[in-house]
Amino acid sequence: MQIQSFKIFCDLVETESFTKAAQISNITQSAVSQQISSLERQLKSLLIERSKKKFRLTREGELLYEYSKQIVSSYDTLLHRLQEVKDIVSGTIRVATIYSIGLHDLPPYLKKFLKAYPTVNVHVEYQRANQVYDDVLGNVVDLGLVAYPNKDSRLEVVPLRDEQMVVICHPKHVLAKNKTVKLAQLDGQKFIAFEPDIPTRKAVDKVLRDAGIAITVVMEFDNIETVKRAVEIEAGISIVPAGTVAGEVSKQTLMAIPFSDVSIGRPLGVIYKKNKVLSPAMKQFITLLKQVA
């Protein structure tokens, strides 16, 4: 019976998916099934109720999960402490990030980190916000990068910084000639928005609603790149983080106009599962992300 078997079992319980458990350990789904069957033979106990449509552990499976978590955590702690004693920063970091952070905020930090620690492999996945949370809680990834981090008793949140939000429009739009814009000037405008369940959309909606501003949402998208493309074809205006449109502003395909009467900041944060043992590489990565660019 090996540590890896306990880890695979924990991954399976936390994701409730043979496919995801296989993905985490970079093995086949069949290999996960074989590991579970091997545990059941060695422990002479049924661990999963296979007759149920919903994933469910037996009482023996629940007991094994509690002890397996302790075993895997202790083993990970040992490995990470040995790395710290030897002053070694290596291994793999699995990161899930929302599109706007992954495409615009993360690259310079990632470049600096990999230059400092060339033996670390950073695997980055781009996800919707809700999927980032699911993957962190399911142990599919080690760290999540999100905007407006949720308070959750199952998660640790490391605040990073606030991004300033600006109005973007086509260069021929009536607002384009302004150096700054007042919130009231958005009243009645056609608006390109993020989809309703996205945290940035909820935050922008609240600011507009509290100010009594009525906009007409003509399009909704789940990522920043599509929002920008819609504004570029003069479908409407939008409110986005300033850093995400630097390229378009320099090429003059979009205009970015700051607010003169309000300050709208979008908080960014790192999330990871509570009680997760962070490797030296993960700690260094978070430390770097906390630095102001």
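Listed by position, the helices (runs of 4 or more DSSP H) contained in the stretch 207-293 that have at least 1 residues being closer than 27 Å to Val122 by Cβ, within 24 Å of the chain's Cα centre (by Cα) and of a type in the set (Phe, Trp, Tyr) are 280-290. The single condition among (1) more than 30 Å from Tyr117 (Cβ to Cβ); (2) not in a loop (DSSP other than H, G, I, E, B) that Lys53 does not satisfy is (2).
Screening Leu82 with (1) part of a loop (DSSP other than H, G, I, E, B); (2) out of contact with any helix residue (DSSP H, G or I) (no Cβ under 9 Å at 6 or more places or on another chain); (3) of a type in the set (A, V, I, L, M) gives one miss only, at (1). For the stretch 19-73, enumerate the residues that are closer than 26 Å to Asp142 by Cα and of a type in the set (Ser, Thr, Tyr). Result: Thr19, Ser25, Thr28, Ser30, Ser33, Tyr65, Tyr67, Ser68, Ser73. Counting only residues that are in contact with a helix residue (DSSP H, G or I) (Cβ under 7 Å, 6 or more places away or on another chain) and of a type in the set (Asp, Glu), the stretch 1-46 holds 1 of them. Here Lys273 fulfils each of the conditions (1) buried (at least 17 other Cβ atoms within 10 Å of the Cβ); (2) in contact with a Leu (Cβ under 9 Å, 6 or more places away or on another chain); (3) modelled with pLDDT of 95 or more apart from (3).
Only one of the numbered conditions (1) free of Cβ contacts under 8 Å to residues at least 24 places away in the same chain; (2) crowded, with 18+ Cβ neighbours inside 10 Å; (3) not acidic (Asp, Glu) is not met by Lys251, and that is (2). Return yes or no: is Gln70 within 24 Å of Val277 (Cα to Cα), outside the structural domain of Ile224 (by TED's automatic domain parsing) and crowded, with 18+ Cβ neighbours inside 10 Å? Considered against the rule, which asks whether it is within 24 Å of Val277 (Cα to Cα), outside the structural domain of Ile224 (by TED's automatic domain parsing) and crowded, with 18+ Cβ neighbours inside 10 Å, Gln70 comes out as no. I'd like to check something: does the stretch 255-264 contain any residue that is within 30 Å of Leu137 (Cα to Cα), buried (at least 18 other Cβ atoms within 10 Å of the Cβ) and at pLDDT below 95? Yes.
Of all residue pairs spaced 6 or more apart or on separate chains, those with beta-carbon atoms under 6 Å, a first member in the stretch 60-86 that is under 18 Å from Gln42 (Cβ atoms) and a second member that is of a type in the set (Gly, Ala, Ser) are Glu60/Ser45. Of the strands (runs of 3 or more DSSP E) lying entirely inside the stretch 133-196, those containing at least 1 residues that are buried (at least 19 other Cβ atoms within 10 Å of the Cβ) and free of Cβ contacts under 8 Å to residues at least 60 places away in the same chain span 190-194.
Residues that are surrounded by fewer than 17 Cβ atoms within 10 Å (Cβ to Cβ) and either basic (Lys, Arg) or touching a strand residue (DSSP E or B) at 6+ places or on another chain (Cβ under 8 Å) (or both) within the stretch 230-241 comprise just one, Ala235. Summed over the stretch 139-175, residues that are of a type in the set (A, V, I, L, M, F, W, C) and over 24 Å from Pro107 (Cα atoms) total 4.
The values are calculated or read from the model by the stated rules, or taken from the named source; none is laboratory data. Just so you know, these numbers come straight off a predicted model, no measurement behind them. Don't worry about glycine lacking a Cβ; one is built from the backbone with ideal geometry, like all the others, and counts go over all protein chains shown.
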